[in-house]
Amino acid sequence: MAHHNLSGSFKTNKRRHVDSITSDEEETSTEIADSWPRFIVIASADGNPLKLNPFAISKGIQSACGEVTNVTRLRSGSILVECARRQQSVNLLGLQQFVNTQVVVSVHRTLNSSRGIVRDRARCLSDMAEEEIAAELKHQGVTAVKRFSRKSEDGKFIPTNTYLFTFCLAKIPNSIKAGYFNIGVEVYVPNPLRCYKCQQFGHGAKTCTRKARCFRCSGIHEGSECTDDVKCANCDGEHVASSKSCPVFVSESQILKLKHTQNISYSAAKQLVQLPSKSPANITYSAAISSLRRQFSKLLQPLHPARL
């Protein structure tokens, strides 16, 4: 009798496990079937900023597709439209003229997708090329795969079993199914972007309009041959601007982690993290970093909806 109960319990647990896998697969399939580009960019065909007033833009979008979720003007002068329905996206992508202006309409490069970390501990993907993996998992929303590598002591690059997956979904799935193997997907948190020209965070050198600053001494000059005393351009600390111990780097890392793990905007995450000011001489950098980490550990507690 005991053997019968154990067998029944095993069958029940196995059935629940299969039901759970099936449920996850159905949820992912539904997300993929419902995936469409929600963020659309309307740019001038001649490459110049769109010179349209907000009322003309509003009327043009209303005429093309009706009421949308949000409209924003980008730094480039183009218009970013967040669609509420699939048909709105289709209508906008078919436009060649907008408010008597020749335009090029495209899908936003990053906002319509998500990226996640996949750790292939069973090594079931290790013998496959990145393109082959992406092709096999296309029906699960995977559009690109990048395998990470590490540098060995002799300078050679060795492929690891960790991958960066790009999905055609606004939110990453909990897992992907590679044949008979279920592999979990973790949130990908990128490193802070630092400008190699002005040394500040949040943009790249190609779009930087500020004066060049030395990464070594923070002076207004190129830093390739600088021999001056070390001084951080972001916090005045005694380290180079690229140091990962810099309190500004630590706070930027915390903002990005909060943004991606809590699925909130950068500005909302930034409001929850107290940015470091220029540290007084009597406060050590290790103390500043420790304070930031304690602050961040509190922020990672479940957030109240009202705070978002």
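Read-outs: derived from the displayed coordinates by stated rules, not from any lab. This structure is a prediction, so every number in the text was calculated from the model and none was measured. Cβ coordinates were reconstructed from backbone atoms using ideal geometry, including for glycine residues, and neighbour counts include every protein chain displayed.
Here are some notes:
- Full-stretch length increase - ASP46, THR160 - with 0.36 nm per residue and alpha-carbon distance subtracted: 36.6 nm
- Ordered by the number of other Cβ atoms lying within 10 Å of each residue's own Cβ, fewest first, SER242, SER251, SER267, SER113 fall into the sequence SER267, SER242, SER113, SER251.
- In this simple spin-label approximation, ALA268 and GLU153 carry label points 7 Å from Cα along the Cα→Cβ vector, and these lie 4.8 nm apart.
- Anisotropy class of region 173-263 from Cα gyration tensor, a/c 1.5 cut: prolate
- If R0 is 51 Å, the Cβ-Cβ spacing of LYS177 and THR227 corresponds to a FRET efficiency of close to 0.35.
- Shown here for region 27-120: GluC sites (Glu not before Pro) in loop regions (DSSP other than H, G, I, E, B) with at most 13 other Cβ atoms within 10 Å, namely GLU67.
- Footprinting exposure proxy for CYS232, CYS83, CYS195 (fewest neighbouring C-beta atoms within 10 Å first): CYS195, CYS83, CYS232
- Per-residue Cβ neighbour counts within 10 Å put ILE61, ILE117 in the sequence ILE117, ILE61, beginning with the fewest.
- Taking 0.36 nm per residue of sequence separation and removing the Cα-Cα distance, the ALA144/THR209 pair yields an extension gain of 20.2 nm.
- Counted residue by residue at 0.36 nm each, then reduced by the alpha carbon distance between them, the extension gain from VAL90 to LEU111 reaches 5.9 nm.
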